[in-house]
Amino acid sequence: MTRSEELFEEAVRLIPGGVNSPVRAFAAVGTHPRFIRRADRQYVYDVDGTRYLDYVGSWGPMMLGHNHPVVKEAVLAAVEDGLSFGAATQREVEMARFLCGSIPSVEMVRMVNSGTEAVMSAVRAARGFTGRDKIVKFEGCYHGHSDAMLVKAGSGVMTAGVPSSAGVPAGCAQDTLTARYNDLAGVERLFEENPGQIAAVVLEPVAANMGLVLPQEGFLQGLRALCDREGALLIFDEVITGFRLGFGGAQGRFGVRPDLTTFGKIIGAGMPVGAYGGRREIMEVVAPCGPVYQAGTLSGNPVAMAAGLAQLTYLKDHPEVYAQAEAMCARLTDGLEAILREAGEPAVVNRMGSLGCVFFTSTPVTDYDTAKTADTKRFGEYFRAMLSAGNYFAPSQFEVIFLSGVHREEDIDQTLEAARRFFRV
């Protein structure tokens, strides 16, 4: 028995499912989690000493790879001053200045502790600002585990085959309206059916929690125009895409300016952190300026701020990081697509920037319903073969591949060779 197996046996007695987040469970792919001991650059190492090429990157934030010296030095310097104060610090002001100076749609920002908290708080601010209760979300988009957002959610909820969650009273989600991603007409119908009642439309501008689903041409622009017409706010959940799809995130890539934006762990270089921000007049409804209450003892943690500032500053000064990550993603996804085609395997490969996904289906994947046509059993077989060959992918058909600026051509070629062996081409 491996050390990972031993740890997992103990973990299932102490932790629900043996994991502290459902997306870490490997049950959907027919094996057990690998317990990671350390990581460096493009590699993770498990407790048994096995090295893997990492295509998860702590679920997105590791644009610079693991243990980057600039980030590491910033963290060590911050730790010398203390771990947490529960008080205002200079670093949180520096982070706010950086975010407001980097993302044109963000005029004020509030730090929080996770992407879940960021979205929950942004929705509350939108309701407080508009005086309306209803929100629109999209099937398959995951916005964290707050009650109102666990309606036809993606990510681990989708992997487990659970459309919502037990423990969420019906009343908590009664004002959450769901639409189909890429279906602008469907959103318009919801506005017609709920006149003057919708506070906000919230979405991942590039959906990355039902696998990778790209916005069709005009979809994001159409949502912006619709919200403007109806007096609702547009909220972009950029927990995954922020500072990953280029320095300006998805909103910079597509040229669509939301009213509110949420960020996650990438602004802490992987540490537990999040933020929400947007137009000044909206953010000024948040306490202590206004009547919308939101608080967090650990928000703006000085060590997380130091790590995030180090990474974001480096990314701003080194755009070649994005070019390298995107080139390696193209090399990987193009290579996989060619192998799958040669093997006659029914599969669809979606890519944008440094994000990719292989769906084991012959149906073009454009929304939640088409994503669900994917053969999860076949994905599990593929996943186990790739893991055995030293490639660490997310253990779910409905998560994405993350590339970093430190992945190299030889890494991608090694992964493609493992795929050729599995598909026998």
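General observations
- For the stretch 237-247, the Karplus equation 6.51 cos²θ - 1.76 cosθ + 1.60, evaluated at θ = phi - 60°, returns couplings of 7, 10, 4, 9, 7, x, 6, 10, 7, x, 5 Hz by residue, with Gly and Pro reported as x.
- Contact order relative to length of the chain, as percent, for alpha carbon pairs under 8 angstrom and 6 or more apart: 22 percent
- Comparing THR31, THR366, THR178 in a Gaussian network model of the chain (Cα springs below 10 Å), the most mobile by mean-square fluctuation is THR31.
- Backbone HN-Hα couplings from phi across the stretch 314-331 [Karplus 6.51/-1.76/1.60, Hz, Gly and Pro as x]: 4, 5, 5, 7, 10, x, 5, 4, 5, 4, 5, 4, 5, 5, 6, 5, 4, 4
- Carbon/sulfur fraction of accessible area - the chain, other protein chains in place, 1.4 Å, %: 50 percent
- Mean separation of Cα contacts under 8 Å, 6 or more apart, over the residue count of the stretch 237-365: relative contact order %: 19 percent
- Highest-fluctuation residue, ALA78, ALA232, ALA304 considered, GNM on the chain with Cα pairs under 10 Å: ALA78
- Reachable aspartates and glutamates, given that their alpha-carbon falls under 15 Å from the alpha-carbon of LYS134 and they are not under 8 places away in the same chain: ASP147, ASP175, GLU188, GLU192, GLU193, GLU230
- Listed residue pairs exceeding 26 Å between alpha carbons, taken from LYS137/LYS316; LYS265/LYS377; LYS72/LYS316; LYS137/LYS265: LYS137/LYS316; LYS265/LYS377
- Per residue, the convex hull volume that the Cα atoms of the chain enclose (Å³): 139 Å³
- Rg/Rh (Cα only; Kirkwood hydrodynamic radius) as it applies to the stretch 21-70: 0.99
- Cβ-based charge dipole, the chain, positive-most Cα from GLN42, VAL239, VAL303: VAL303
- In the stretch 278-331, chymotrypsin sites (Phe, Trp or Tyr not before Pro) in a DSSP loop with at most 12 other beta-carbon atoms within 10 Å: TYR293
- For the pair THR313 and GLU381 in one chain, pulling the backbone fully straight at 0.36 nm per residue adds 20.5 nm over the alpha carbon distance.
- Of all the options GLY270, GLY131, GLY82, the one that moves most in a Gaussian network model of the chain with Cα springs shorter than 10 angstrom is GLY82.
- DSSP-loop GluC sites (Glu not before Pro) across the stretch 330-423, with at most 11 other Cβ within 10 angstrom: none
- In the full protein context, the chain carries 41 Å² of accessible surface per residue, based on a 1.4 Å probe and ignoring ligands, DNA and RNA.
The values are calculated or read from the model by the stated rules, or taken from the named source; none is laboratory data. Keep in mind that this is a model prediction, so the values were computed, not measured. As a convention, Cβ positions derive from the backbone with ideal geometry for all residues, glycine included, and neighbour counts pool all protein chains shown. The accessibility values were calculated without ligands, DNA or RNA, using every heavy atom of the protein model including side chains. Shrake-Rupley method; radii C 1.70, N 1.55, O 1.52, S 1.80 Å.
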